[in-house]
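Here is the structure we will look at, set down as structure tokens.
The values are calculated or read from the model by the stated rules, or taken from the named source; none is laboratory data. As the structure is a computational prediction, the values presented were derived from the model and not from experiment. Here Cβ is always computed from backbone atoms with ideal geometry, including for glycine, and neighbour counts include all displayed protein chains. Each accessible area value is taken on the protein alone, full model and side chains, heavy atoms only, with ligands, DNA and RNA left out. Shrake-Rupley method; radii C 1.70, N 1.55, O 1.52, S 1.80 Å.
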Amino acid sequence: MKVNGTLVNYYIHCKRQCWLHSNRINMENNSEEVKVGKAIHELKKEQGKKTEVAIDNIRIDKITKDYLIEIKKSDADIEAVRWQLLFYLKILKDKGIERRGKIEVIEKKKENNKIIYEELNEEIEKELKIIVKGIEELIDLPKPPNVIFENKCKKCAYYEYCYI
Ligand code: SF4
């Protein structure tokens, strides 16, 4: 499997999740969290605001003349979302399309909504290279890393797979 934004997100969030997803063990559809995320996407589509763009093996929520925008339903693991967005910015840059990044967190409680801005720089591009290499090595392993037993597991789509 070619490295994509979802794998970058999972790699930062949980290396086991990254391995499971890349090896086609897909439990996402069972997760309540994922269903909520999909519902937000559908809602945006209905409101005519959604302009999902696909380039190569990546899917971008929205692209404007200044920004590449990722829409998320919570800031639960914003670090993973950050790197996912930065990965997309780099793919676009390599194609001659330079944008800044914007993460729009749309929560049920509107007062928790927030916007986070991101931008590529030399340091980040170096770090991205290391992450992509790390993912390539990880997903080639014959078996997944062990379960990590952390709080984040409770909301993970792979919870049943890892714990039961
Ligand atoms: S349940 Fe925990 S260990 Fe398993 S994939 Fe999810 S976050 Fe990783």
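Yes/no per residue for (1) modelled with pLDDT under 65; (2) within 16 Å of the ligand (Cβ to nearest atom):
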{"position": "TYR11", "(1), (2)": "no, yes"}
{"position": "ASN30", "(1), (2)": "yes, yes"}
{"position": "VAL36", "(1), (2)": "yes, no"}
{"position": "ALA39", "(1), (2)": "yes, no"}
{"position": "GLU46", "(1), (2)": "yes, no"}
{"position": "GLU52", "(1), (2)": "yes, no"}
{"position": "ASN57", "(1), (2)": "yes, no"}
{"position": "LEU68", "(1), (2)": "no, no"}
{"position": "ASP75", "(1), (2)": "no, no"}
Worksheet item: Could you count how many residues in region 96-134 are part of a helix (DSSP H, G or I), farther than 29 Å from ARG16 by Cα and not charged (D, E, K, R)?
Response: 1
Worksheet item: For GLU137, are the conditions met, namely being assigned to a helix (DSSP H, G or I), under 23 Å from ASP61 (Cβ atoms) and without any contact (Cβ under 8 Å) to a residue 12 or more places away in the chain?
Response: no
Worksheet item: Inside region 112-164, can you point out the residues that are of a type in the set (A, V, I, L, M), over 20 Å from GLU70 (Cα atoms) and either in contact with a Phe, Trp or Tyr (Cβ under 6 Å, 6 or more places away or on another chain) or at pLDDT 90 or above (or both)?
Response: ILE130, ILE135, LEU138, ILE139, LEU141, VAL147
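Checking the condition open to solvent by 40 Å² or more (accessible area, probe 1.4 Å), within 13 Å of the ligand (Cβ to nearest atom) and out of contact with any Gly (no Cβ under 6 Å at 6 or more places or on another chain), which residue from GLU123, GLU107, GLU137, GLU160 passes?
None of the other options fit; the residue is GLU160.
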